[in-house]
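The structure that follows is given in the form of structure tokens.
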Amino acid sequence: MWISENIKFGGGSAPVRAETGRVSIAGAEAAVVTDGEKRSLLTALPPGIRSSAKLGQRVLLITTDSGEAVVAGVTDGAAPESLAIEAGGCLIELDGGEVKISAGRIELSGGTVGIDGALYINGEKYEPPEGAV
């Protein structure tokens, strides 16, 4: 019996457990309420991706065989509070209705770029010359 349990659960002292709960404290180190509140939980994401669930969102919580709990994903399908993608010296951040792109160079090829609102270049509002389209 002992051998089969250790093979089944990867040789740890306790089985891996999955459950759902609601986020009670949002952020990089969230808290999730299941049968009790678990705090300072990290979210398991691929390298270069940062995201955090919103307060009250339903999430999947996995507790490993070593007893460490991690948020494995959002189960209610709602968009995250924030999202960041970072790779090769480039960073794209989506947060609070803003999109920020940091890169050495941004290239737009083909298609059309539309701007509906004000355009700022180096912190100065751009005003097109009279008669420009």
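Since every read-out is calculated from the coordinates, none of them should be taken as a lab result. Computed from a predicted structure; not experimentally measured. No Cβ is skipped: glycine too gets one built from the backbone with ideal geometry, and neighbour counts run over all protein chains shown.
Looking at (1) 57, 13, 9; (2) 46, 12, 10; (3) 45, 17, 11, which value of semi-axes √(5λ) of the Cα gyration tensor in Å comes from a calculation on the structure shown?
Recomputing semi-axes √(5λ) of the Cα gyration tensor in Å here gives the entry labelled (3).
Just to be sure I understand the model, the point goes 7 Å from the Cα along the line to the Cβ. What's the resulting ILE92 to ALA72 distance in nm?
2.7
Under a Cβ-only charge scheme (Lys and Arg +1, Asp and Glu -1), can you give me the dipole magnitude of the chain about the Cα centre, in debye to the nearest 20?
That gives a dipole near 440 debye.
A follow-up question, please. For the stretch 62-100 and the stretch 18-54, what is the separation of their C-alpha centers, rounded to whole Å?
Cα centroid to Cα centroid, the span is 10 Å.
So, one more: Report, for the chain, the % of DSSP beta bridges that are antiparallel, rounded to 5.
95
Taking 0.36 nm per intervening residue step and subtracting the Cα-Cα distance, what contour gain separates ILE101 from ARG22 on full extension?
25.3 nm
Ranked highest first by average number of other Cβ atoms within 10 Å, how do 105-114, 43-52, 89-98 line up?
43-52, 89-98, 105-114
For LYS125, LYS38, what ranking results if the residue with the fewest other Cβ atoms within 10 Å of its Cβ goes first?
Sorted ascending by nearby Cβ count, the order is LYS125, LYS38.
Can you sort SER40, SER24 so the residue with the fewest Cβ neighbours within 10 Å comes first?
Placing the least packed residue first, the sequence is SER40, SER24.
Based only on other Cβ atoms within 10 Å, what is the fewest-to-most ordering of GLU81, GLU130? Before the final figure, lay out each step's value.
Working: GLU81 17, GLU130 5.
Ascending Cβ contact count within 10 Å gives the list GLU130, GLU81.
At a Förster distance of 35 Å, what's the computed FRET efficiency of TYR120 paired with ILE49, Cβ-Cβ distance as r, to 0.05?
Computed FRET efficiency for TYR120 and ILE49: 0.80.
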